[in-house]
Each structure stands twice: as C-alpha cells, then as structure tokens.
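Input: a single structure, listed below in structure tokens.
Every read-out reported here was derived from the displayed coordinates using simple, explicitly stated rules and does not represent laboratory data. What you see is a predicted model; the values in this text were computed from it and never measured. Using ideal geometry, Cβ is built from the backbone for each residue, glycine included, and neighbour counts are taken over all protein chains shown.
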Amino acid sequence: MRAKLQQADGIAYRSSTSSIWRYMWKYKALYLITLPGIVYYLIFKYIPLGASFIAFKDYNIFKGVWGSPWVGLEHFERMFRHADFLRIFKNTVIIGGLDILFAFPAPIILALLLNEVRIVMYKRIVQTVIYMPHFLSWVIISGIAVGILSPSTGVVNQFLGWLGIEPIYFLGENSYIRTILITSGIWKEVGWGTIIYLAALAGINPDLYEAAEIDGANRWKQTLAITVPSILPTIVILFLLKIGDFLDFGFERVWVFLNPLTYENGEILDTYIYRAGLLQQEYSFTTAVGMFKSIIGLTLLVLANKLSRKATGESLF
C-alpha cells in the first residue's frame, strides 16, 4: 500500500513539474523579458548581501574579507557616538517624511485630475509633457535647477527683482535645500507615478458612475464614493513600498544639489556612506551604517504592513 502511495506521489510530482515547464515554455517571451531585471537584482542587490558581515569586522582590502579581524559591534557603537550621525539621520528622516507627505499624494491628485479631462488630445499632450522629466538624469535636473534658481540670471530671481526683492542664492542656503530636493523630485517623477494610478482608474466599472449619477451624485461625490475607494488597494500597496524605502531617499538625487554650504540640512545617510565609505575608505563602518538603515526600513515595512492589513485588508505579504 505504501509503495503504491509513493508511486502515486512520484507520478503527481512529475506531472506537476511537467505542467510548470509547459507553462513557462508557453509564456517564454514574458520570462525572457524579466531576465534582465532578475540578473540586475541578483548582481547588485542579493550577491552584495553576502559580504554584509564586514560590518562586524575591521575590513582591510589587503587582508581580504576572510583575513580581516572580527571587532563585533564596534562600528555600530562608533556610529552612534559619531558627532554628525544624529544630524545626518535627522536630515534623512525629515527629508523622507517630507517626500511622503508631499511627493506621494502628487501623482494620485494628478491622476484624478486627468481622469476628469474629456478632451482626449489635450489629455494625451499633458500626459506626455509630465512623463518626459522621468527620463532625464539627476545631473540634467540639477543643471536645469541651477539655471532657474541662479541669483544673477535665474527666472525666479528675476521675478523677485520685479517685486523689489534682493536676489537669493537658493542652492547655497541651508533653509532652501530640502524644499529644492522635494520639489525637484516631484517634478521629475510625478508623471511616471501617474501612469500606475491612471491604469487603476481605467479598471473601474463605468456602471458605478452611471448609477451614482442617477442617484444625483455630482463629480466630486462620485470621486469620493467610487473613484478613491476603487484605487485604494493600489494606493496602499504603493504606500507600503514607499515606507520600505523611507530612509533610501536616493544618493544621486541629493548629491547633485549638495555643496559645503548645504551639508547642515541636506546631507543624508546615502551621501554620508559615499563620502566615508568610498572617499575615506571606511568600508566596515559604512557597511554598519547601511545595515542600520536597512533594518530600520524593514522594521517600518513590517509594522506598516500589519497596520494596513488590519485597517484596509490590503498588504504586501
């Protein structure tokens, strides 16, 4: 009896494996398209995790990973004792919080506005215009910002001059650097983020709007009662992903705007890791900083995921 059961299990397993391979072969084009993305994440995301333990070593490039001595939590203790760490961590939290507060809702609002446009040609032109900045590098974005905010030839300062206000060196003022980082990010990415929400809006059943219109609901009430609840699962999932990247604001996005005059309010963990890790060759110390940042991000993601599951029923896992 047992032999028959084992034989049946073996046949079922082979059948299941064969079905999987047939399914993959049927959709081989889709799997081929995903291959570059898989290779990218393997090389730049997963393989480097294998050397994360150098955060607990005094890494020396001549001794190698295995030859470097263990130092335990020394680098983590040094991180919390570092004079600038609290300031840099505070900057990262503030800038990340402002990004969630202002940048995250921007594509949602823009998608809702575009969804109300009935002139198809105008809608397509607006979509094309707002998508374009996404394909520009941060170096180009910073060059545009320098040209716009220049104290001598910038459009903004020329306008201020017409109002009788003295020119302001925006990129050299600590008080403006966070605003510049957030607004430039919104301008660059708001159009790209709108694509996802427009796709979600396209999936809403038109019969719902017709029924609401018969009941006397205007466009604003239809938006609140139908549109927003219908795209809420998409909003929740993207918000959870945003929470996971809370401290990962982006190195290039900040580095191109940073200068010695704006270090006080503009430097974040990513730029500090670059300066200390690559320029000063403190590999173990900056690995500890990166590990600390990853642990905070993972903790926030798990907590937000649990709260989302209880509050809305939507979650990543």
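The residues neighbouring THR179, those whose beta-carbon lies less than 12 Å from its own, together hold a net charge of -1 under the Lys/Arg +1, Asp/Glu -1 convention.
Estimated at 0.36 nm per residue, the fully extended path between ILE148 and LEU160 surpasses their Cα-Cα distance by 3.1 nm.
Other residues within the sphere of radius under 15 Å centred on the Cβ of LYS188, judged by their own Cβ, net out at -2 (K and R +1, D and E -1). Each of (1) 38, 21, 18; (2) 46, 34, 20; (3) 39, 37, 19 is a candidate for semi-axes √(5λ) of the Cα gyration tensor in Å; the one calculated from this structure is (3). Peptides 27-40, 242-255 ranked from most to least packed give 242-255, 27-40, packing being the mean of other C-beta atoms within 10 angstrom over each peptide's residues. With R₀ fixed at 35 Å, the C-beta to C-beta distance from GLN280 to LYS306 puts the FRET efficiency at about 0.35. Using C-alpha pairs under 8 Å with a sequence gap of at least 6, the mean separation divided by the residue count of the chain gives a relative contact order of 23 percent. Panel note: the C-alpha atoms of region 13-65, placed on their principal axes, show extents of 51, 27, 15 Å (largest first). Checking the cross-link pairs LYS221/LYS310; LYS221/LYS306; LYS188/LYS221; LYS242/LYS310; LYS28/LYS293; LYS123/LYS310 against a 28 Å limit on the alpha carbon distance flags LYS221/LYS306; LYS188/LYS221; LYS28/LYS293; LYS123/LYS310 as lying beyond it. Of the peptides 265-277, 104-116, 143-155, the ranking by mean beta-carbon count within 10 Å, highest at the top, reads 265-277, 104-116, 143-155. Placing unit charges on the Cβ atoms only, positive for Lys and Arg and negative for Asp and Glu, gives the chain a dipole magnitude near 1240 debye about its Cα centre. Report the local net charge at ASP248: Lys and Arg +1, Asp and Glu -1, summed over other residues whose C-beta lies under 9 Å from its C-beta. Combined, the nearby Lys, Arg, Asp and Glu give -1. Average 1/r across all pairs of distinct alpha carbons in region 101-253, invert it, and you get the Kirkwood radius: 18.1 Å.
GNM on the chain, alpha-carbon springs under 10 angstrom: the most fluctuating residue among ILE180, ILE20, ILE214 is ILE20. Adding -39500 (n - 2.57) for every DSSP H run of four residues or longer, then dividing by how many residues the chain holds, sets the calculated 222 nm ellipticity at -20500 deg cm²/dmol. Whole Å is fine, so just give me how far the alpha carbon centre of region 31-56 lies from that of region 225-284. What the calculation gives is 20 Å, centre to centre.
Taking the fewest neighbouring Cβ atoms within 10 Å as the starting point, the ordered list for LEU181, LEU301 is LEU301, LEU181. Applying 1/(1 + (r/R0)^6) with r as the Cβ-Cβ distance of THR299 and TRP25 and R0 = 41 angstrom yields a FRET efficiency of 0.50. Treating r as the C-beta distance of ARG219 and PHE62 and R0 as 41 Å, the FRET efficiency rounds to 0.05. Any idea what diffusion coefficient region 233-317 gets from Stokes-Einstein, in µm²/s, Kirkwood Rh on alpha carbon pairs, 25 °C, 0.890 mPa s? Using the Kirkwood radius from Cα pairs, D works out to 170 µm²/s.
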